[in-house]
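**Q** I'd like to ask some things about the structure below.
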Amino acid sequence: MDYEEAKVKITEQLTKKLKTKSKFYFNDLAKILEMKPREAKKIVNKLVENGVLEYWSSGSTSMYGMPGTGKQASAEHED
Amino acid sequence: MAKHETPLLSQLETGPWPSFVSDIKREAESRAKNEKGIDYQIPVDACEDLLGVLELSYKHGRTHWKHGGIVGVFGYGGGVIGRYCDQPEQFPGVAHFHTMRVSQPAGKFYTTEYLKGLCDLWEFRGSGITNMHGSTGDIIFIGTTTPQLEEVFYELTHTFNQDLGGSGSNLRTPSDCVGQARCEFACYDTQAICHELTNYYQDELHRPAFPYKFKFKFDGCPNCCVASIARSDLSFIGTWRDEIRIDAEAVKAYVGGELKPNGGAHAGRDWGAFDIQKEVVDLCPTKCMRYADGKLEINNKECTRCMHCINVMPRALRIGNDRGVTILAGAKAPILDGAQMGTLIVPFMKAEAPYDDIKEKVIEPIWDWWMEEGKNRERLGELMKRQGLQRMIEVLGVDPDPRMVQEPRSNPYIFWKEDEVEGGWKRDINEFRKYHKR
Ligand code: SF4
Ligand code: SF4
């Protein structure tokens, strides 16, 4: 899968799920891409670099989301 | 006059130990006076407000910090931990109060000039409060605002030749004991490997893609000064394969009292004359030592490298010459529950630069397995428990070794794989159905 294809796939799937959640584990992304984690990582790194995704961190765990989506509250499981 | 009344915190200062409350109060005072004329980049009363919000937390029995956030420096998924106060009107100085983790130098060697530089930077662009060092080993800068993050990062990387450490689902900042720099017990160069793996695994350190945190720690010998055996997902402990070197003359000198046992460490009280039988031979956990007719002998095959005899008589007994590492996996020390010690997976391996065997035969296969099969927020040790040591051995492609076994088996089942059984167990389903109707 090339980068553009992966970008469309990730954006589509994450947008679809926005109603229920806005933060995703790395594994969720690898599943969407249907790739082994190490391969998926190369693409996910690029998506972050280009601002398609952004990191969210609690300090102990990291998650990914699309910039501007979800409130702090959703990350804290309040909704 | 303090900005907030903090009777509960002040009570903490009355105990016998140095108090972090006094430290924060001192920093608050020093910021208010500003004798050095610093152009503070975050609110001057940040420390006052920190005390205030902490007092309130004690009063309510609840934290007033919000959990996590989207802060960081460009391209990094770790190293910054977003902290926001949920009472920003009352405590504006700590409305944004992010933590930065700074990678510590291998072995934690600094010059005072360097330390002063770091502190000056943090007074200028942060709260001035540090934690030297955090549990993982990092230098912790406590409290700054979002706009300062990139500024601090720029200074660290350009002026101090230093990087941010790991946080989140990353490789955490690797840490090591002081090793060969100062310690003659070190069986390999802990600083060299710590530095090399930190540089080699930059992507894993800064861009989170693991199920959870992952720690490497390097101890030069089984004394385990960085407690790798208890605190790291992969623990590297120095060891030797040959024999403990005995200097018979020095043994005599210990027995005769010319040399002080334990390097003179227990000199505060008179413990009587040194008794080699009682203090060394009888305490050997494997009973593999003998002292008779003024001669000390060790049955090295039985020795588990516990270090006791060497610690007591360092001038007489020395680590062997054929040195390397033992590798253990799966330790963790979470605050709440589930603490677990490491399990031995590699009894002996040479630890020489560029450490290709360690990288390619141990670290990377383990990561591949854990990244694919680990659940979200599952540490390596938990995956090992869930899938069993047998799976771990498969992942590493090594033969099982009695030294990996901690206790007799408690599971009565033995599972064979088809290729381990002569003839396999393929069956002809049509043949079977002739005699067994559906
Ligand atoms: S772990 Fe061993 S080698 Fe390292 S500093 Fe401690 S005693 Fe020395
Ligand atoms: S290192 Fe420990 S096990 Fe080995 S001989 Fe000394 S006391 Fe015994």
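**Q** Just counting partner chain Cβ atoms within 10 Å, what average do the residues of peptide B:64-76 show around their Cβ? Mind dumping the intermediate values first?
**A** Numbers: counts 0, 0, 4, 6, 12, 6, 12, 3, 5, 0, 2, 4, 2.
Partner-chain Cβ atoms within 10 Å, mean over residues of B:64-76: 4.
**Q** Based on DSSP H runs of at least 4 residues, each adding -39500 (n - 2.57), what is the mean residue ellipticity at 222 nm of chain B after dividing by all its residues, to the nearest 500 deg cm²/dmol? Please report the intermediate quantities before stating the final value.
**A** On the way: 15 runs with 133 residues, N = 438.
Estimated from H runs of four or more residues: -8500 deg cm²/dmol.
**Q** Taking the Cα centre of the stretch B:358-438 as origin, work out the dipole magnitude from +1 charges on Lys and Arg Cβ and -1 charges on Asp and Glu Cβ, in debye rounded to 20. Let's see the in-between values first.
**A** Working: 17 positive and 17 negative charges, 123 e Å.
Approximately 580 debye in magnitude.
**Q** Same structure again: What do you get when you divide the Cα radius of gyration of the protein assembly as shown by 2.2 N^0.38 Å, with N the number of residues? Provide the component values of the computation, followed by the final result.
**A** Values: Rg = 27.6 Å, N = 517, 2.2 N^0.38 = 23.6 Å.
Dividing the Cα Rg of the protein assembly as shown by 2.2 N^0.38 Å gives 1.17.
**Q** Once the Cα atoms of helix B:364-373 and of chain B are each reduced to a long axis, what angle between those two axes, in degrees from 0 to 90 to the nearest 10, is obtained?
**A** So the helix axis and the longest Cα principal axis differ by about 80 degrees.
**Q** Enter the mean number of other protein chain beta carbons within 10 Å of the beta carbon of each residue in B:367-379, as an integer. Don't skip to the answer; put the middle values down first.
**A** Details: counts 2, 3, 0, 1, 8, 5, 1, 2, 2, 7, 3, 0, 0.
Taking the mean over all residues of the peptide, I get 3.
**Q** According to a simple spin-label model (label point 7 Å from Cα along Cα-to-Cβ), what is the distance in nm between A:LYS19 and B:VAL405?
**A** 5.6 nm
**Q** Please list the non-local residues whose amide H lies under 5 Å from the amide H of B:THR63, H modeled 1.01 Å from N, same-chain partners needing a gap of 5 or more.
**A** Answer set, sorted by chain and number: none.
**Q** A:SER62's amide H: which non-local residues (gap 5+, or another chain) put their own amide H closer than 5 Å, with H modeled 1.01 Å from N in plane and none for Pro or chain starts?
**A** Under 5 Å from the amide H of A:SER62 lie the amide H atoms of B:SER169, each far enough along the sequence or on another chain.
**Q** Here's something else I'd like to know. With a ≥ b ≥ c taken as the square roots of the eigenvalues of the C-alpha gyration tensor of the stretch B:245-318, please select rounded if a/c is under 1.5 and otherwise prolate if a/b is larger than b/c or oblate if it is not? Mind showing how you got there, number by number?
**A** On the way: a/c = 1.72, a/b = 1.46, b/c = 1.18.
It is prolate, given that a/c is not under 1.5 and a/b is the larger ratio.
**Q** HN-Hα J couplings of the stretch B:311-317 from phi, Karplus 6.51/-1.76/1.60, θ = phi - 60°, integer Hz, Gly and Pro as x?
**A** Going residue by residue, I get 5, 6, 10, x, 7, 8, 10 Hz, with x marking Gly and Pro.
**Q** Which value in deg cm²/dmol, rounded to the nearest 500, describes the helix-derived mean residue ellipticity at 222 nm for chain A, given -39,500 (n - 2.57) per DSSP H run of n ≥ 4 and division by the residue count?
**A** Numbers: 4 runs with 40 residues, N = 79.
Value at 222 nm, helices only: -15000 deg cm²/dmol.
**Q** To the nearest µm²/s, what D does Stokes-Einstein give for the stretch A:3-67 at 20 °C and 1.002 mPa s, using the Kirkwood radius over alpha carbon pairs as Rh? Please list the in-between numbers first.
**A** Working: Rh = 11.8 Å.
Rounded, D is 182 µm²/s.
**Q** Hey, what's the Cα Rg ratio for the stretch B:7-159 versus the globular rule of thumb, 2.2 N^0.38 Å? Numbers along the way, then the final one.
**A** Values: Rg = 15.5 Å, N = 153, 2.2 N^0.38 = 14.9 Å.
Working it through for the stretch B:7-159, the quotient is 1.04.
**Q** How do B:CYS177, B:CYS187, B:CYS119, B:CYS303 line up, fewest other C-beta atoms within 10 Å first?
**A** Listing B:CYS177, B:CYS187, B:CYS119, B:CYS303 from fewest to most nearby Cβ atoms yields B:CYS119, B:CYS303, B:CYS187, B:CYS177.
**Q** Give me the percent relative contact order of chain B, please, defined on Cα pairs under 8 angstrom at least 6 residues apart.
**A** Details: 749 pairs, mean separation 46.8, N = 438.
Normalised by residue count, the contact order of chain B is 11 percent.
**Q** Just subtract the alpha-carbon distance of B:GLU302 and B:LEU8 from 0.36 nm times their residue separation and send over the number in nm, one decimal. Mind dumping the intermediate values first?
**A** Details: separation 294, 0.36 × 294 = 105.84 nm, distance 5.57 nm.
Stretched fully, the B:GLU302-B:LEU8 segment lengthens by 100.3 nm.
**Q** Take chain B, connect every pair of alpha-carbon atoms lying under 10 Å apart with a spring to form a Gaussian network, then pick out the residue of B:GLU196, B:GLU302, B:GLU243 with the largest mean-square fluctuation.
**A** B:GLU302
**Q** With charges set only on the Cβ (+1 for Lys and Arg, -1 for Asp and Glu), what does the dipole of the stretch A:3-67 come to about its Cα centre, in debye to the nearest 20?
**A** On the way: 13 positive and 8 negative charges, 43 e Å.
My answer is approximately 200 debye.
**Q** Given the Cα atoms of chain B, and with Rh set as the inverse mean 1/r over their pairs in the Kirkwood sense, what is Rg to Rh to two decimals?
**A** 1.06
Values quoted throughout were computed directly from the atomic coordinates according to the rules given, and no laboratory measurement underlies them. This is a predicted model, so every value here is computed, not measured. Glycine gets a Cβ as well: all are built from the backbone with ideal geometry, and neighbour counts include every protein chain shown.
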